[in-house]
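Enquirer: Okay, handing you the structure first.
The values are calculated or read from the model by the stated rules, or taken from the named source; none is laboratory data. Values in this document were obtained by computation on a predicted structure and should not be read as measured data. Neighbour counts run over all protein chains shown; Cβ positions are idealised from the backbone, glycine included. To get the accessible areas, we keep the full protein, side chains included, count just its heavy atoms, and leave off ligands, DNA and RNA. Shrake-Rupley method; radii C 1.70, N 1.55, O 1.52, S 1.80 Å.
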Amino acid sequence: MGDIFVVVEHRQGVIREITHEMLWKAGELGRALSRKVSAVLFCHDGARMIEEIRDRADRILLVESDAFKNFSSDLYKELLARLIAEHAPLLTLMGHTAWGMDLAPALSVKSGLPLATDCMDILWEGDRLKAVRQVYSGKLFSKVSFKEAPGYLATIRAGAFPQEKSGEHSAEVQEIDLPADLPAERRRFVEFVDTGAGEVDISQADLLISVGRGIGEEENIGKIKELADRLGGVLACSRPVVDKNWLPKYHQVGTSGKSVKPKVYLALGISGAFQHVAGISGAGTVIAVNKDKKAPIFRVAHYGVVDDLFKVADALMEKIGG
Ligand code: FAD
């Protein structure tokens with residue numbers, strides 16, 4: 001019977017959180033369906049990564065090569081298609097990340113297997129594999145079922161599952177040689193550019209005061225910065241604030257920004273798009289202020305205020321004697 005494959009995502013030699021989340025889900029599904037979990041690791045030097053995931057999978061399919069110093073969608077697609085043809089996994093999980101968004105559609109075409117993208121959950125119901133996805137900017141969930149196929153592909157949204165170990169595993173490592181006849185890559189990796197820590201490191205802060213597009217204008221940011229300073233916190237933001245050049249990139253929380261784990265996350269005028277909330281899955285208490293009571297941020301917030309953010313900011317300032 002086919003395993004559940006998890007494509008291990010890593011950057012600069014470090015396994016990314018999404019991998020642990022997918023391994024958790026694969027472990028849960030594996031137990032329910034009596035399937036083994038295979039972590040598929042393509043890398044340059046795997047020793048440390050193998051140790052990190054050994055107790056989260058039953059098998060590690062390892063291809064070590066200089067070709068995998070950096071991510072290459074072309075190479076991953078070719079090699080994964082061959083491994084899928086050989087091992088016939090029931091399901092192959094990839095992150096709904098820059099990697100997965102690049103790789104999964106091409107792999108689906110190459111392997112002929114159906115793909116569900118950006119899944120919040122994967123279920124086996126009746127005799128069908130089903131995927132839970134969000135629609136209408138996260139306001140509704142939809143459940144889609146795959147047509148019967150010899151195997152299935154899915155990309156998983158960051159933060160959808162816990163990062164803990166799921167059950168007892170002890171992986172055997174199966175080394176595979178990089179085939180000599182892989183087609184040439186059509187794209188070439190040029191450079192890894194780190195955004196850098198900048199003046200503040202939001203990933204280490206205990207209290208984050210985060211502003212979204214609801215801040216309205218650049219001039220209003222100063223007011224919230226003052227509030228953050230008074231509270232002893234650090235200013236963070238959603239992506240539109242960075243795109244408008246109102247704050248530098250190192251303030252950005254989310255899938256294309258930073259993952260944060262403050263004790264308290266105060267979200268002011270942030271709608272709660274999944275790319276943003278994926279970055280706060282490690283936060284302690286989330287407090288959201290938004291004018292729209294249906295804003296998706298309230299789904300993840302422990303406390304919510306449906307009101308104008310400036311009213312709340314002023315009230316807080318008054319309370320702390322501003
Ligand atoms: P909006 O969605 O416009 O929400 C503004 C909110 O403010 C609304 O809910 C509104 O009701 C509220 N509001 C308005 N005025 C007030 C007021 N006066 N008082 C109170 N509430 C008010 N986004 C990220 O944040 N981080 C990422 O890393 C990220 N990566 C991405 C990667 C990709 C590949 C893509 C496609 C998108 C990414 N995004 C990311 C963008 C993301 O999809 C959303 O567009 C973004 O998070 C929305 O930001 P926002 O909540 O500030 O703005």
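Enquirer: Among SER65, ILE50, LEU75, whose Cα lies farthest out toward the positive end of the dipole of segment 36-75, if unit charges sit on the beta carbon of Lys, Arg (+1) and Asp, Glu (-1)?
Expert: Looking along the dipole axis, the top candidate is ILE50.
Enquirer: Under a point-charge model restricted to the Cβ atoms of Lys and Arg (+1) and Asp and Glu (-1), what is the dipole moment magnitude of the chain relative to its Cα centre, in debye to the nearest 20?
Expert: Values: 41 positive and 44 negative charges, 215 e Å.
That gives a dipole near 1040 debye.
Enquirer: So, with a 1.4 angstrom probe, what is the percent of accessible area on segment 1-80 that is carbon and sulfur?
Expert: Values: 1270 of 2960 Å².
C and S fraction of accessible area: 43 percent.
Enquirer: Taking the simple approach of a point 7 Å from Cα along Cα-to-Cβ for both GLU86 and ARG48, what is their distance in nm?
Expert: Reported label-point gap for GLU86 and ARG48 is 2.8 nm.
Enquirer: Also, quick follow-up: Does segment 199-278 come out rounded, prolate or oblate, given a ≥ b ≥ c as the square roots of the eigenvalues of its C-alpha gyration tensor, rounded meaning a/c under 1.5 and, failing that, prolate meaning a/b above b/c? Could you put the intermediate results ahead of the total?
Expert: Numbers: a/c = 1.41, a/b = 1.00, b/c = 1.41.
Cα axes put segment 199-278 in the rounded bin.
Enquirer: If one takes the longest principal axis of the Cα atoms in the chain, at what angle in degrees, from 0 to 90 and to the nearest 10, does the Cα axis of helix 221-231 lie?
Expert: It is inclined by approximately 90 degrees.
Enquirer: When Lys and Arg each count +1 and Asp and Glu each count -1, what net charge do the other residues less than 14 Å away from ALA295, Cβ to Cβ, add up to? Please list the in-between numbers first.
Expert: On the way: positive: LYS139, ARG213, LYS291, LYS293, LYS294, ARG299; negative: ASP292, ASP307, ASP308.
Local charge sum for ALA295: +3.
Enquirer: Give me the net charge for the shell around VAL286: Cβ to Cβ below 15 angstrom, other residues only, Lys and Arg +1, Asp and Glu -1. Spell out each step's value before the answer.
Expert: Values: positive: LYS261, LYS263, ARG299; negative: ASP206.
In short, +2.
Enquirer: May I pose another question? With unit charges on the beta carbon (Lys/Arg positive, Asp/Glu negative), name the residue among ALA180, PHE5, ALA149 whose Cα is farthest towards the positive pole of the charge dipole of the chain.
Expert: Of the candidates, ALA149 comes out farthest on the positive side.
Enquirer: Can you tell me the orientation of helix 309-319 relative to the chain, as the angle in degrees between its alpha-carbon axis and the longest Cα principal axis, to the nearest 10?
Expert: Taking Cα atoms only, the helix is inclined about 60 degrees.
Enquirer: Which residues in segment 228-268 have a backbone N closer than 19 Å to a point placed 7 Å from the Cα of GLU318 along the Cα-to-Cβ line?
Expert: 228, 230-231
Enquirer: Within segment 260-289, find all residues whose amide N lies under 17 Å from a label point positioned 7 Å from the Cα of ASP201 along Cα-to-beta-carbon.
Expert: Answer for this model: 260-263.
Enquirer: What ranking do 165-175, 256-266 get when scored by the average of other Cβ atoms within 10 Å per residue, highest first?
Expert: 256-266, 165-175
Enquirer: According to the square roots a ≥ b ≥ c of the eigenvalues of the Cα gyration tensor, what is the shape class of segment 120-171, taking rounded for a/c under 1.5, prolate for a/b larger than b/c otherwise, and oblate for the remainder? List each step's numbers first, then the result.
Expert: Values: a/c = 2.37, a/b = 1.19, b/c = 1.99.
Judged from the Cα gyration tensor, segment 120-171 comes out oblate (a/c at least 1.5, b/c at or above a/b).
Enquirer: Taking 25 Å as R0, compute the FRET efficiency from the Cβ-Cβ separation of LYS165 and SER34 and round it to 0.05.
Expert: Calculated value: 0.85.
Enquirer: For TYR152, what residues show an amide H to amide H distance below 5 Å, using hydrogens built from the backbone and excluding near sequence neighbours?
Expert: LEU91, THR92
Enquirer: Let me ask another. Listed here are the pairs LYS249/LYS293; LYS249/LYS319; LYS69/LYS263; LYS225/LYS258; LYS36/LYS261; LYS244/LYS291; which of them are more than 24 Å apart at the Cα?
Expert: Beyond 24 Å: LYS249/LYS293; LYS249/LYS319; LYS69/LYS263; LYS36/LYS261.
Enquirer: Sort 102-111, 291-300, 52-61, 140-149 by packing, meaning the average of other beta carbons within 10 Å per residue, with the highest value first.
Expert: 52-61, 102-111, 291-300, 140-149
Enquirer: Once Rh for the chain is found with the Kirkwood sum over Cα pairs, what is the Stokes-Einstein diffusion coefficient at 37 °C and 0.692 mPa s, in µm²/s?
Expert: So the translational diffusion coefficient is about 156 µm²/s.
Enquirer: I've got another one for you. Tally Lys/Arg at +1 and Asp/Glu at -1 over every other residue whose Cβ is under 10 Å from the Cβ of ARG128; what's the total?
Expert: Residues near ARG128 contribute -1 overall.
Enquirer: For an R0 of 51 angstrom, estimate the FRET efficiency from the Cβ-Cβ distance between LYS294 and LEU178 and round to the nearest 0.05.
Expert: 0.50
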